[in-house]
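Data block below; observations after.
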């Protein structure tokens, strides 16, 4: 188990610098950076950030693609005593501006691409370009990182949100301290482990990828998109032993032929988060990664990365599964949880999950966003997740979906995950996502599915054996693959837009009216 002394998130990295200075901390493409090299570079860039900001910054925007500038940039921001505000260069300019202003980031660290984006988006913001070969002369690197307290901010993460406006989630070093104490007790990571780095920098679970590795003295290994063409060869060549990704990655590996039995023998641990993990996907991954223990992790950014975890056990997990989805596990020790029924009363069996405890953010950056999310109840402050869960016979939780995944179709209450599961049971269907689209008479259901094309009549016939009339979709659309957002999750917003577009009445042209 790792020593967890010190209040700072980056104390995990500093411990490994002392213990394993010459071991590789980062591998990205052809570059390998040792712990002592990453430490020196992060201190140098921290000095540049402090000089550019002219004082200790409250927050530092890190705008970079996955790679050495992004990973060491995170450390540099923390070494400067600031909160990291991770961003992706492909974010819309208006969103980058909103994030910069909401976080009050007074300086940015960026790779060349990120610097070009910032030059157009926010030209007045001081930017340190993360170049290993060109640390500014005359800038003094601090001897040690700036000191921080548990109550100081370590990260400001932004939710994608349904309002169109990103909500900032400030997380402290103390929040991360509790989280990593639990992970250090639960997992046997060590210095020989090589950890995959799959997710974009702006995805909250990147913190889990990076600091799990650095807390153990292991190596962060960037997984480029082309690695999925032959993931077994890539992981074997680099000795990847700990895998993190969204469940959507499983289907990508499957389609590339990478889930052959025993194809991923180097993996000791596999973690999936960010989306519901299907039992079929967990089983297929386990068949390929026969030595790996698989965990399904759940948690919103507001509760510091993840707040529950379920370890896959084929027979038990399938027996406990609801709608074919792997359970999410029990809430982390040291927290309280309650389930709220639709009428606001507490339920012992099923309802919206609410959590109180040391991993919970104190609230959003803008207190106006706290309403209906961070609430006072029984003299405690609770975070309402918006996720519906069910208590299982073993005391763990099953994920049922978002509150808004329960919809009314002509007065009939329909669970979208239940429709997904019914469609997946149709011969030829690999996966399914159900969305709604508005019509003049209310909402109707549209299903997108992958696998072998199936006639709408056959799908309809199959579903009528499993679902009530009100839950039968009005339209089915086959896709070769689901669109993914930058965080490698199924892009449900895009699917809903496609459904709405397909259902929009076509206005007759003047020519067609004249011909008619």
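Residues in the stretch 463-477 that are closer than 15 Å to residue 427 by Cα and surrounded by fewer than 18 Cβ atoms within 10 Å (Cβ to Cβ): 464, 465, 466.
Where in the stretch 1-112 are the helices (runs of 4 or more DSSP H), entirely inside, with at least 1 residues that are modelled with pLDDT of 95 or more and either under 23 Å from residue 239 (Cα atoms) or more than 25 Å from the chain's Cα centre (by Cα) (or both)?
Values: elements: 11-19, 35-53, 68-79, 93-103.
Filter on the stretch 1-112 gives 11-19, 35-53, 68-79.
Under the condition of being part of a loop (DSSP other than H, G, I, E, B) and in contact with a strand residue (DSSP E or B) (Cβ under 7 Å, 6 or more places away or on another chain), which residue from the stretch 349-361 is surrounded by the most Cβ atoms within 10 Å (Cβ to Cβ)? So, considering only residues that are part of a loop (DSSP other than H, G, I, E, B) and in contact with a strand residue (DSSP E or B) (Cβ under 7 Å, 6 or more places away or on another chain), the one surrounded by the most Cβ atoms within 10 Å (Cβ to Cβ) is 361. Considering every residue within the stretch 188-205, establish whether at least one is in a helix (DSSP H, G or I) and in contact with a strand residue (DSSP E or B) (Cβ under 9 Å, 6 or more places away or on another chain). No.
Identify all residues within the stretch 478-499 that are assigned to a loop (DSSP other than H, G, I, E, B), closer than 21 Å to residue 426 by Cα and under 21 Å from the mean Cα position of the chain (by Cα); write none if there are none.
Taking the stretch 478-499 and keeping what is assigned to a loop (DSSP other than H, G, I, E, B), we get 479-483, 485-489, 491.
Retained after the next criterion (residues that are closer than 21 Å to residue 426 by Cα): 479-482.
Residues satisfying the conditions are 481, 482.
Determine whether the stretch 356-367 contains at least one residue that is touching a residue at least 12 places away in the same chain (Cβ under 8 Å) and more than 17 Å from residue 304 (Cβ to Cβ). Within the stretch 356-367, one or more residues are touching a residue at least 12 places away in the same chain (Cβ under 8 Å) and more than 17 Å from residue 304 (Cβ to Cβ).
Would you check if residue 314 is surrounded by fewer than 16 Cβ atoms within 10 Å (Cβ to Cβ) and over 22 Å from residue 184 (Cβ atoms)? Before the answer, list the steps.
Numbers: surrounded by fewer than 16 Cβ atoms within 10 Å (Cβ to Cβ): yes; over 22 Å from residue 184 (Cβ atoms): yes.
Yes.
The values are calculated or read from the model by the stated rules, or taken from the named source; none is laboratory data. If you're wondering where the values come from, they're calculated on a predicted model, not measured in any experiment. Glycine also receives a Cβ, built like all others from the backbone with ideal geometry; neighbour counts cover every protein chain displayed.
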